[in-house]
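The values are calculated or read from the model by the stated rules, or taken from the named source; none is laboratory data. Bear in mind that the values here come from a model prediction, so they are computed numbers and not experimental data. Virtual Cβ from ideal backbone geometry, glycine too; neighbours counted across all protein chains shown. These area figures cover heavy atoms from the full protein model, side chains too; ligands, DNA and RNA do not enter into them. Shrake-Rupley method; radii C 1.70, N 1.55, O 1.52, S 1.80 Å.
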Amino acid sequence: MAREAVLALLREAHETSDQKGKVEAYLKAIDAAIAGDPGAAEDAVVEDCTEVIKQVLSPDVSQWVSRDALQHFSAALPKLPGPARQRVAERTLDLVQPRAVNFEEQVALVREQLSALLEAQGEWLRAAQTLAGINLDSNNARVFDDRYKLEKALKISDLYLACDQSPKAESFVNRAAYLLNSHKEDPELQYRYKSCYARILDAKCKFLEAALRYYEISNLRRTPGQAGATGGEGATGSAPASAGQDEAEAMLLNAIICIILARPGPQRSRVLATLHKDERCIKLAGGVYTILQKVYMERILQPSEVQAFATLLKPHHRAPLEDGTTVLEQAVIEHNLQSASRLYKNISFDELGRMLGIDPLRAEKTAASMIGEGRMEGTIDQVDRFIYFSHLKSGGGGGDAKAGEAKAQDRLASADGDVAAWDVQIRNLCQGVNAILDTINARREAAAT
């Protein structure tokens, strides 16, 4: 039950016939409810505010009066302590929901404050859902201009990414991409968009593209006023001006992680070479440069090194694949297989399986996949159960990419010709068998007559 003082002000507002006087009376009731009595309990303040909002949103109150009162209420809401403000904001949104389309600006202000409170508590999903309730498709250009919509879309995407909801984050990043065309000269918005997009590529396991994006962001120079809008894993909100260098290092670390997890091939080798030459990588903590160097030099990774690297990974990097392995395990298997192709001219399925720590059949399938996709040179002898590797002249980090691609194309063309010739032989054989069967049937019929 609301306090008598607040109820008296609400009665005064209800009895006032003048619209301006009614607005002023409601503003006094709002101020009284927000201020509360000295030492008043949180529940009492919440009840006072709830009663005021109910009266303001009454069908008997003009929409213009309600809008002015809600505008004042949303501006006064920060005066409440955090817990009370959260409860009042939640109740306000529940009460205004049926008529939210009439109070878009006021609802947006309340949602922004509630989302900030939830974000401060680490409730990323609820914060994102609250902010996503703002009607970004509104035609109210006075309140929701393109810059406002762009900033909110990026913020919502950032919050969804913080709680590993990449599909929802992607939808808001795509919306931001459409709005970004009118703000190409704003480096801060460009930075925030690129950061969100890189993290979405990372979450979708498109590691090569993500690594390129992360590395591009790590090279962007941000002024002190720009630092902190977005950052590494779970980064949301604002950070101190000194965070610019830390963000660059976080993006560089993400680039290294993604390129190590990317599938071996010529493009990956080029990015590895770029990162290996970047002097900033040497200064990164966690010994990440050591494993980067071994991957670049195509040396076999040991289990202890893989375990140390795994501590740097995010949850989706450890997610199981269709075959039951993780992204990291698959990346290490393919890398070690490619490294083995540089050390050996040939190797049996059994020995390769022991080297990779997997069964021989899986080792054969992995090698066949990499050879078929042009990511490794070699042939497979299934009769003798051996793999024969073809070595290209290596210039570091995976060899001559153009030569590898050219050989892959030649091999595919040759394979197409072999398949066509095989098809002709099979067809001729089948036709010969059919002819024999026809002859046998004809003679059998002749003998029967």
### Summary
For Lys184, the lysines lying under 27 Å Cα to Cα, once residues fewer than eight places off in the same chain are dropped, come out as Lys149, Lys152, Lys155, Lys168, Lys194, Lys204, Lys206
### Query
Hey, in the GNM for the chain with a 10 angstrom Cα cutoff, which one of Asp186, Asp145, Asp18 fluctuates hardest?
Asp18
#### Entry: Derived scalar couplings ³J(HN,Hα) [region 53-58; Karplus, 6.51 cos²θ - 1.76 cosθ + 1.60; whole Hz; x for Gly, Pro]
5, 4, 5, 5, 8, 4
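Give, in nm to one decimal, the length gained when the segment between Gln330 and Lys28 is fully stretched (0.36 nm per residue of separation minus the Cα-Cα distance).
Extra length from Gln330 to Lys28 when fully extended: 102.1 nm.
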### Query
What FRET efficiency comes out for the pair Arg99/Gln293, r = Cβ-Cβ distance, R0 = 51 Å, nearest 0.05?
0.25
### Summary
Pseudo-spin-label distance Val433 to Ala40, built 7 Å along Cα→Cβ, given in nm, is 9.1 nm
### Task
Quote the accessible area belonging to Met297 in square angstrom, nearest 10, computed with a 1.4 Å probe and with ligands, DNA and RNA left uncounted.
90 Å²
### Query
Amide H to amide H, which residues 5 or more places from Thr326 or on other chains are under 5 Å from it, using H placed in the peptide plane?
Leu321
### Under 19 Å from Lys28, Cα to Cα: lysines that are on another chain or at least 8 residues apart
Lys20, Lys54, Lys79
### Task
Just need log10 I(q)/I(0) for region 254-333 at q = 0.20 Å⁻¹, Debye formula, equal scatterers on the alpha-carbon atoms, no solvent, rounded to two decimals.
-0.90
### Task
Quick one: what are the phi-derived ³J(HN,Hα) couplings along region 286-300, Karplus 6.51/-1.76/1.60 with θ = phi - 60°, whole Hz, x for glycine and proline?
x, x, 5, 5, 4, 6, 4, 5, 5, 5, 5, 7, 6, 9, 5
### Summary
With a Förster distance of 30 angstrom and the Cβ-Cβ distance between Asp384 and Leu343, calculated FRET efficiency to the nearest 0.05 equals 0.90
## Note on the structure
Mean projected area (nm²) from the convex hull of Cα positions in region 332-378 is 2.8 nm²
### Query
What number, rounded to the nearest 500 deg cm²/dmol, is the helix-based mean residue ellipticity at 222 nm of the chain, given -39500 (n - 2.57) per DSSP H run of at least four residues and division by all its residues?
-21500 deg cm²/dmol
### Message
Just to be sure I understand: with springs between alpha-carbon atoms less than 10 Å apart, which residue in Gln267, Gln19, Gln338 has the highest mean-square fluctuation in the Gaussian network model of the chain?
### Response
Gln19
### Task
Output ³J(HN,Hα) for region 80-93: one whole-Hz value per residue in order, computed from phi by the Karplus curve 6.51 cos²θ - 1.76 cosθ + 1.60 with θ = phi - 60°, and x for Gly and Pro.
6, x, x, x, 5, 4, 5, 5, 5, 4, 5, 5, 4, 5
### Query
Which residues' amide hydrogens lie under 5 Å from the amide hydrogen of Arg263, considering only partners 5 or more residues apart or on another chain, with H built in the peptide plane?
Leu208
### Task
Quick one: among Val23, Val433, Val288, which has the greatest mean-square fluctuation in a GNM of the chain with alpha-carbon springs under 10 angstrom?
Val433
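Mind giving me the FRET efficiency for Gln19 and Lys79? R0 is 35 Å, r the Cβ-Cβ distance, nearest 0.05 is fine.
Values: r = 26 Å, r/R0 = 0.74.
Here the calculated transfer efficiency is 0.85.
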### Pair Arg11, Asp350: separation of 7 Å Cα→Cβ label points (nm)
9.7 nm
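Above 24 angstrom, tally the Cα pairs of region 14-110 and express them as a % of all pairs, no decimals.
Distances greater than 24 Å cover 16 percent of the Cα pairs.
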### Query
Say each of Gln307 and Ser182 gets a label point 7 Å from the Cα, pointing the same way as Cα to Cβ; how far apart are those two points in nm?
5.6 nm
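Using only alpha-carbon positions, what ratio does the radius of gyration of the chain give when scaled by 2.2 N^0.38 Å? Could the numbers behind the result be given before it?
Values: Rg = 33.0 Å, N = 449, 2.2 N^0.38 = 22.4 Å.
Ratio of Cα Rg to 2.2 N^0.38 Å: 1.47.
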### Query
Amide H neighbours of Gly378 under 5 Å, counting only residues 5+ apart in sequence or on other chains, H built in-plane at 1.01 Å?
Ser390
## Note on the structure
Cα-only Rg/Rh for region 107-213 with Kirkwood Rh rounds to 0.97
